[in-house]
1. What are the residues in segment 1-52 that are among the acidic types (D, E), at pLDDT 95 or above and open to solvent by 90 Å² or more (accessible area, probe 1.4 Å), if any?
2. State the number of residues belonging to segment 59-92 that are open to solvent by 80 Å² or more (accessible area, probe 1.4 Å) and under 30 Å from A29 (Cα atoms).
3. Within segment 67-87, can you find the residues that are of a type outside the set (S, T, Y), within 25 Å of Q99 (Cα to Cα) and touching a residue at least 12 places away in the same chain (Cβ under 8 Å)?
4. Say whether the condition of being part of a helix (DSSP H, G or I) and closer than 19 Å to G112 by Cα is met by at least one residue in segment 81-101.
5. Looking at segment 57-80 only, could you name the residues that are assigned to a helix (DSSP H, G or I) and among the aliphatic types (A, V, I, L, M)?
6. Could you check V64 against (1) under 30 Å from S113 (Cβ atoms); (2) free of Cβ contacts under 8 Å to residues at least 12 places away in the same chain; (3) touching a helix residue (DSSP H, G or I) at 6+ places or on another chain (Cβ under 9 Å) and say which number it fails?
Amino acid sequence: MTNAFAFDTKAFDTAQLESVFFGPARAFAALSIDFTEKLVSTQLDATQAYADANLAQLRGLVQVKDAEGLKSYLEGQQQVAKYLSERLKGDADKVVALQQDFIQEGQKLTEGSV
């Protein structure tokens, strides 16, 4: 019985394999890793900002002791909502920009390897 996965590697030129297969695969893998690193960093930064804002609001709520304090807290909620909506839009824009860069760089790699 012969092994279906056994093949003679002498038939392949190392430089040819590097230029046709390994080089482009390595470049795309590096691009993917860089994209993932930037995306995770962006997500962690956003998560930290959202957590900080929420914790600050909880601390503010705990400090409410009377009707005037409650009124002040509720008025502050509008500012927090505005901040969070602007932050969310900015974070979404960052992710879109990262994806566009990834697509453009991927196309360059594809064109270069063809």
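1. Residue satisfying the conditions is E37 alone.
2. Total satisfying the criteria: 2.
3. Once the filter is applied, which keeps residues that are of a type outside the set (S, T, Y), within 25 Å of Q99 (Cα to Cα) and touching a residue at least 12 places away in the same chain (Cβ under 8 Å), segment 67-87 yields L84, R87.
4. Yes, segment 81-101 contains at least one residue that is part of a helix (DSSP H, G or I) and closer than 19 Å to G112 by Cα.
5. L58, L61, V62, A67, L70, L74, V80
6. Unmet for V64, out of (1) under 30 Å from S113 (Cβ atoms); (2) free of Cβ contacts under 8 Å to residues at least 12 places away in the same chain; (3) touching a helix residue (DSSP H, G or I) at 6+ places or on another chain (Cβ under 9 Å): (1).
The values are calculated or read from the model by the stated rules, or taken from the named source; none is laboratory data. In this text, all values refer to a predicted model and were calculated from it rather than measured experimentally. Don't worry about glycine lacking a Cβ; one is built from the backbone with ideal geometry, like all the others, and counts go over all protein chains shown. Only protein heavy atoms, including side chains, enter the accessible area calculation; ligands, DNA and RNA are left aside. Shrake-Rupley method; radii C 1.70, N 1.55, O 1.52, S 1.80 Å.
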